[in-house]
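Asker: Would you mind keeping the following structure in view while I ask a few things?
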Amino acid sequence: MPAASDLYQEQILDHYKHPKNKGPLPGATFSARDTNPLCGDEVAFHLKVDRSQRVSDVRFEGRGCAISQASASMLTTMLKGLPLSEAEALGDDALVKKLGISLSAVRLNCALLPLHVMRLAVREKKAAST
């Protein structure tokens, strides 16, 4: 029987090779793009929010290491259907737990880039509308 860490590594590779919700999202309510200057990973996040302020659709675009791209894919699956307030409040630990592997400080930056970009998208749009 494979170790739990092996199963998580397989899950990460699957999300990297077969990402969920990857691509542009026309008509997105919130969008942002950012990079990790330490390694060059790049992620863009697009969210569509419905009238009840729930994330009705979410997509990401980007390039980079397996950790950043798998993390972005996993995050999209976590966000769909959530109220926007819960999406914004999603903690770093929730995404790291979803990845399920130990991460060095550098790899942690890769894993959390998608979450940072999602928060940035919401923050920028809210700031622009005030």
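Asker: Report every pair of residues separated by at least 6 positions or lying on different chains whose Cβ atoms are under 9 Å apart, first residue within region 85-105 and within 16 Å of MET74 (Cα to Cα), second exposed (fewer than 11 other Cβ atoms within 10 Å of the Cβ) and among the aliphatic types (A, V, I, L, M).
Answerer: GLY100/ALA4
Asker: Let me confirm something: among SER85, SER31, SER68, which residue is buried (at least 16 other Cβ atoms within 10 Å of the Cβ) and closer than 21 Å to ALA127 by Cα?
Answerer: On the way: SER85 fails: buried (at least 16 other Cβ atoms within 10 Å of the Cβ); SER68 fails: closer than 21 Å to ALA127 by Cα.
Unique residue meeting the criteria: SER31.
Asker: Another question about this same structure. When SER129 is evaluated against the numbered criteria (1) crowded, with 16+ Cβ neighbours inside 10 Å; (2) farther than 20 Å from THR35 by Cα; (3) modelled with pLDDT under 95, which criterion, by number, is the only one it fails?
Answerer: (1)
Asker: Take ALA94 and decide whether it is surrounded by fewer than 14 Cβ atoms within 10 Å (Cβ to Cβ), more than 13 Å from the chain's Cα centre (by Cα) and of a type in the set (A, V, I, L, M, F, W, C).
Answerer: So ALA94 does not fit the description; no.
The values are calculated or read from the model by the stated rules, or taken from the named source; none is laboratory data. All values reported here derive from a predicted model rather than from experimental measurement. Please note: Cβ atoms are built from the backbone with ideal geometry, for glycine as well, and neighbour counts cover all protein chains shown.
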